[in-house]
Amino acid sequence: MKIAVPIKFVPDLVEELNIDSSGAALDTSWLRLIINEFDDHAIEQAILLKERGGAEVTIICAEGDGVDDILFNAAAKGADQLVKLMGSDAAMMNSHATARVLADFFKEIQPDLILTGVQAHNDLDGSVGALLAEYLGMPYVGYVAGVTAASGSVIARKEYPGGIIGEMEVKLPAVLGIQAAEQPPRYVAYSKINQVSKTVKIEERAISDLDSSGGATVGRMFKPEPAQRAEIIEGSPEEVADRMVGIFKELGVM
Amino acid sequence: MSQDIFVLIEHLRGQVADISYIMLAAARTLASSSGGQVAAVLLGKDAQKLAGNLAADKVLYADSPALTEFTSEAYQLTLAKLIEEQSPRAVLFGHTTIGADVAGWLSGKLSLPLVSSCVNFTSDGKFLSQTCGGKIMAEGDLPSPTILVTMIPGGYKSEQGQAAQASAIESFTPPALDNLRVALKKYIEPEAGDVDISKSPFLIAVGRGIQNKDNLDLPNELAAAINGTVCASRPVVDQGWLPTSRLVGKSGKRVKPKIYLALGISGAPEHVEGINESDVIVAVNTDANAPIFNVAKYGTTLDLLDLVPQLTEKVKQAKGG
Ligand SMILES: Cc1cc2nc3c(=O)[nH]c(=O)nc-3n(C[C@H](O)[C@H](O)[C@H](O)COP(=O)(O)OP(=O)(O)OC[C@H]3O[C@@H](n4cnc5c(N)ncnc54)[C@H](O)[C@@H]3O)c2cc1C
């Protein structure tokens, strides 16, 4: 089975985010980008499928800072091919543009199964997976936490609210939006990644003419202005703990 | 072409999901600026009874054995036909396991623009979406003639989308739904036996800020002292540190305790939708910009590892003395 995992970089939410001078986009000058955490789960799920039944796993990412490291990291986990899309800025591509670029590539390499992270926190025009499936004429199932290969199909465990799982049989080729792999993404030692980076090559592929039509056009971005922000309790841990106990008593829960 | 606002009614095993009512309320705002009607779109098998309390001007209903329970492909094909024939002004979907499976596909299929994670529509007909885990809001126009939107809760009350009387049902014929490539095999129930977190008046919720499994001793000790229940955000459950039964949020439980003490939780929209009906939220987070402080009544930016042992101590003292 050929499995492809397209991944995306997103702003690290631990950092402070700012709006640029246009007022309609994030200021990217200081932005620290990290792998979308659901894409990390998609990689893990692909590797688990490979370990269980054999597969050839290809990871694809638009170029950018830190991308080589993430690709080598995936190779150290067991990915077979690494592809970098050149001439694109991951931070600037919306889901529609990304899905079109990926669809062109996948028409060539013809994977049986495409695993994408179910969403990224900065998607404003839906997630890549559902669009990609339509562009390729494949079925799509998202919110998946667990995949088992069968003959000519996969069984995807689709999550519903409250912990209910719907077992979906999906004919291949197909696209699945991964919410969580069956186990947390594994850790690989730096030495192993370093070793892999000397032997595995990253294939570079040029892309041009991004078509982002179909995406939302943002006129303004701003930080939320809540009607009421939390009252921040100042002081040492001891003082704050005292005040909190006071609050619990007032509310009658102690 | 019409100015109508369509809402995809989500239901699972005979229960209409709350997001459906929330979207009907949102659709009413949009319809009053577009001048059209609100149409609830219901797909199912003998599911007319689910339309009983939908606050819509009409219900568009398709009946087929292939629509008995949700599967992405049957919904995609049925909705593509309906939207193509009727060209409404907007179609609202939940940003959920149901809506997100179909909205993106339809955007590709029908070449219609898509806006996701919308919480509110402004009175002048713009979308307001949450992005970057709730740290940023994005606003923009809704392009004509037809826009697809996925919605998250928070902007409208579900009661506003409920009506005392049923509205008229207009049936429409789904396309041929055979040779489908996606089939529901069965539902698997969540594991039973653990405590029901939605019943506890005092929830102590731990997020990724707890850092490792060993640190769970801290909230566990606090819970024992104050007679509370420990629950968690998704990363903690995905790590296997706590069972799924303790998960709060979009894919877990919705809770309404008297106190929700959030320890090291950022307040991502998927988490917040499970807690925004709590009486009082108290947040402990070292990032003063964390979105959790937008929904909390009280907060502190202290390190939870420093605060929680003190808090447990103080609770024990208060109870003992
Ligand atoms: C389809 C879908 C469904 C989802 N369903 C759910 C769901 O049901 N429930 C859910 O929770 N999530 C859900 N998520 C995930 C959600 O998007 C977030 O990723 C998740 O809620 C983040 O969890 P967190 O706040 O614990 O972690 P993070 O966002 O990583 O936040 C950790 C926070 O801890 C703070 N912190 C770190 N160290 C300390 C310290 N020592 N003391 C105090 N504070 C500290 C940090 O400042 C940070 O704000 C879902 C996502 C998707 C895509």
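The values are calculated or read from the model by the stated rules, or taken from the named source; none is laboratory data. On a predicted model such as this, the values are computed, not experimentally measured, just so you know. FYI the Cβ positions are ideal-geometry reconstructions off the backbone, even for glycines, and counts take in every protein chain you see. What goes into the accessible areas is simple: the full protein's heavy atoms, side chains included, and nothing from ligands, DNA or RNA. Shrake-Rupley method; radii C 1.70, N 1.55, O 1.52, S 1.80 Å.
Values computed for the structure shown
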quantity	calculated
Within chain B, longest stretch clear of exposed GluC sites (Glu not before Pro) (DSSP loop, no more than 12 other Cβ within 10 Å)	B:1-190
Long-range amide H partners of A:Glu56 with built H, under 5 Å	A:Lys2, A:Ile3
Distance between modelled label sites at A:Ile34 and B:Lys157, nm, 7 Å Cα→Cβ extension	3.8 nm
Cα-derived Rg to Rh of the protein assembly as shown, Kirkwood definition	0.96
CD proxy at 222 nm, helix term only [per DSSP H run n ≥ 4: -39500 (n - 2.57); per residue of chain A; nearest 500]	-9500 deg cm²/dmol
Segment B:208-218 - phi-based ³J(HN,Hα) in whole Hz, Karplus 6.51/-1.76/1.60, Gly and Pro as x	4, x, 6, 6, 8, 5, 4, 5, 4, 3, 4
Under 5 Å, built H, 5+ apart or other chain: amide partners of A:Ile19	A:Asp27
Selection from A:Thr217, A:Ile207, A:Ile233 lying farthest towards where the dipole of segment A:194-253 points positive, charges on Cβ	A:Ile207
Label point distance in nm, B:Val195-B:Ser32, each placed 7 Å from Cα along Cα→Cβ	4.4 nm
Listed residues B:Asp178, B:Asp63, B:Asp18, most fluctuating in chain B (Gaussian network, C-alpha, under 10 Å)	B:Asp178
³J(HN,Hα), Karplus 6.51/-1.76/1.60, whole Hz, each residue of segment B:160-169, x for Gly, Pro	5, x, 10, 10, 6, 10, 6, 9, 5, 9
With all protein chains modelled, accessible area of B:Trp241 [1.4 Å, Å²]	60 Å²
Farthest positive-ward along the protein assembly as shown dipole, Cα basis, beta-carbon charges - from A:His41, B:Gln165, B:Ala223	B:Gln165
Net charge dipole size for the protein assembly as shown [Lys, Arg +1 and Asp, Glu -1 on Cβ; Debye, nearest 20]	980 debye
Hydrodynamic radius of chain B per Kirkwood, over alpha carbon pairs, in Å	21.2 Å
Selected from B:Ser116, B:Leu50, B:Leu128, residue furthest toward positive end of dipole (segment B:5-171; charges at beta carbon)	B:Leu128
Rel. contact order, % - alpha carbon contacts under 8 angstrom, at least six apart, chain A	24 percent
Over 24 Å (Cα to Cα) - which of A:Lys249/B:Lys256; A:Lys8/B:Lys253; A:Lys2/A:Lys84 fall in this group	A:Lys8/B:Lys253
Hits among aspartates and glutamates - C-alpha to C-alpha of B:Lys185 under 13 Å, sequence gap 8 or more where chains match	A:Glu167, A:Glu169, B:Glu69
Relative contact order of chain B, pairs being alpha-carbon contacts under 8 Å that are 6 or more residues apart, as %	15 percent
Segment A:1-125, Cα convex hull volume normalised per residue, Å³	105 Å³
Linear extension gain, B:Ser2 paired with B:Arg208, 0.36 nm per residue minus alpha-carbon span	69.5 nm
Gyration tensor over alpha-carbon atoms, segment B:43-121, equivalent ellipsoid semi-axes in Å	20, 16, 13
Ratio of the Cα radius of gyration of segment B:116-197 to 2.2 N^0.38 Å, where N counts its residues	1.65
Cα gyration tensor of segment B:5-171 - equivalent ellipsoid semi-axes, whole Å, descending	23, 18, 15
In Å, descending, principal axis extents of the Cα set of chain A	63, 44, 40
Local electrostatic count at A:Gln183 - Lys and Arg +1, Asp and Glu -1, tallied over other residues with Cβ under 13 Å	-2
For segment B:78-131, projected area of the alpha-carbon convex hull averaged over all directions, nm²	4.1 nm²
Inverse of mean 1/r across different Cα pairs in segment A:165-225, Kirkwood, Å	18.3 Å
Loss of accessible area when A meets B, both sides summed, Å² nearest 100, probe 1.4 Å	6900 Å²
GNM result for chain B, Cα springs below 10 Å: residue of B:Ser87, B:Ser111, B:Ser245 fluctuating most strongly	B:Ser111
Contact order normalised by residue count of segment A:69-168, Cα under 8 Å, 6+ apart, percent	17 percent
Net charge dipole size for segment A:1-130 [Lys, Arg +1 and Asp, Glu -1 on Cβ; Debye, nearest 20]	520 debye
Candidate residues B:Met137, A:Met254: accessible-area rank, largest first, probe 1.4 Å	A:Met254, B:Met137
Where trypsin sites (Lys or Arg not before Pro) in DSSP loops with at most 14 other Cβ within 10 Å are excluded, longest remaining stretch of chain B	B:46-156
For segment B:267-283, Karplus couplings with θ = phi - 60° (6.51, -1.76, 1.60), whole Hz, Gly/Pro x	x, 5, x, 5, 7, 4, 5, x, 10, 6, 9, 5, 5, 9, 9, 10, 10
Amide H within-cut-off set for B:Ser116, under 5 Å, with H built and near neighbours excluded	A:Asp125, A:Gly126, B:Thr150
Estimated Rh, segment B:162-321: Kirkwood, alpha-carbon pairs, angstrom	17.7 Å
Sum of -39500 (n - 2.57) over DSSP H runs of 4+, divided by residues of chain B (222 nm, nearest 500)	-7500 deg cm²/dmol
